[in-house]
Amino acid sequence: MRLSAAGAVAIYRTNTLLNLLLSDRARALFTHVALYLHFCGTDHGRPGLTVGAMKDLCMQLGLCSRGRCEALLVLMRAGGLLAAATDPDRRRRLLIPTEKLLALHRSRWGLHFEAMQGLVPQAADYLAAVRNDPAFTEAFAIALGHRFVTGLRVLDNAPDLEPFAERNAGFVILFSLALSGNASDGFPPAAPVQLSINALAKDFGVSRKHVSSLLREAEARQLLMRSGAANNEVRLLPRGRDALEAMFATMYLYLAQCADEALGARTGGAEPSVLTATAV
């Protein structure tokens, strides 16, 4: 969990434009949806990532409005994450993911696979595949997207964390607090950790008011508690620690099941991991 949280914080700092436009949930999922549409294609075998299809799916999934979707696609093109492509049907505004976008996802997935190696025996195989096999990347993106489109949500088992998902920098603020604990205290830490609202606001490009509001809502849900002589400490309460553990456990199972499916698609059939087979 510590490795995954630290990686999420590091990746957040590389996505300035996406951070400004979308909540944590929408930002994390928007590019996954784009890859899913691209690799799934259409009934006629053509790439399926068009502006219209992306708008429709974002509205269906409640990720963002059609206007926000179009703005984000424009920014992703300007940032070199997507490129325009020609299509025989001139009515289709076709886009394709660039290597820059694919590398970003391989890095994110690889980080979690590395963290999972102590839990899932096949995680080393997932890590090798995502680094070296484009066919695995395609099959994995489709498996992730299919489960999400058909209703799987990582926070179904940790609904108390919804406020963090719906706010800009919500999760990375929570992760940053948890990461500031003493390593000997485990993760998430039970002992109080230092809190600086100014530092969090500056570090993640949000206002002090935004950070304070997020902390108040978390306190109201009994996820954490402010403490210290100058109100400069935070203690993650059992409810908050349990919710974080449930979220990470669900995410790892989701990734493992999709990676098993992707390995099977690549090799013509792979045995599912014991963890995935018994828990999903």
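Write down the accessible area per residue of the range 81-167 in Å², having rolled a 1.4 Å probe over the full set of protein chains. Write down the numbers at each step before the final one.
On the way: 4210 Å² over 87 residues.
For the range 81-167, the per-residue accessible area is 48 Å².
The C-alpha atoms of the chain define a longest principal axis, and helix 208-220 lies at about 80 degrees to it.
Pairs of Cα atoms nearer than 8 Å and 6+ residues apart set the relative contact order; for the chain it is 20 percent.
Suppose R0 equals 51 Å. What FRET efficiency, 1/(1 + (r/R0)^6) with r the Cβ-Cβ distance, do residue 83 and residue 232 give to the nearest 0.05? Before the final figure, lay out the partial values.
Values: r = 47 Å, r/R0 = 0.93.
For residue 83 and residue 232, the calculated efficiency is 0.60.
In the list (1) 67, 44, 32; (2) 51, 41, 38; (3) 67, 43, 28, the label attached to Cα extents along the principal axes in Å as derived from the coordinates here is (3). Treating r as the C-beta distance of residue 225 and residue 149 and R0 as 41 Å, the FRET efficiency rounds to 0.60.
For residue 182 and residue 208 in the same chain, what is the full-extension length gain: residue separation times 0.36 nm, less their Cα-Cα distance, in nm? Could the numbers behind the result be given before it?
Values: separation 26, 0.36 × 26 = 9.36 nm, distance 2.51 nm.
Working it through step by step, the gained length comes to 6.9 nm.
Atom-type composition of the exposed protein surface of the chain places 54 percent of the accessible area on carbon and sulfur (1.4 angstrom probe). Between residue 190 and residue 128, the modelled labels are 3.9 nm apart [label points 7 Å from Cα along Cα→Cβ].
Suppose the chain between residue 114 and residue 13 were pulled fully straight at 0.36 nm per residue; how much longer would it get relative to their current alpha carbon spacing?
34.3 nm
The values are calculated or read from the model by the stated rules, or taken from the named source; none is laboratory data. On a predicted model such as this, the values are computed, not experimentally measured, just so you know. So basically every Cβ, Gly included, is an ideal-geometry build from the backbone, and we count neighbours across all protein chains shown. For the accessible areas, the whole protein counts, side chains as well, though only heavy atoms, and no ligand, DNA or RNA atoms are used. Shrake-Rupley method; radii C 1.70, N 1.55, O 1.52, S 1.80 Å.
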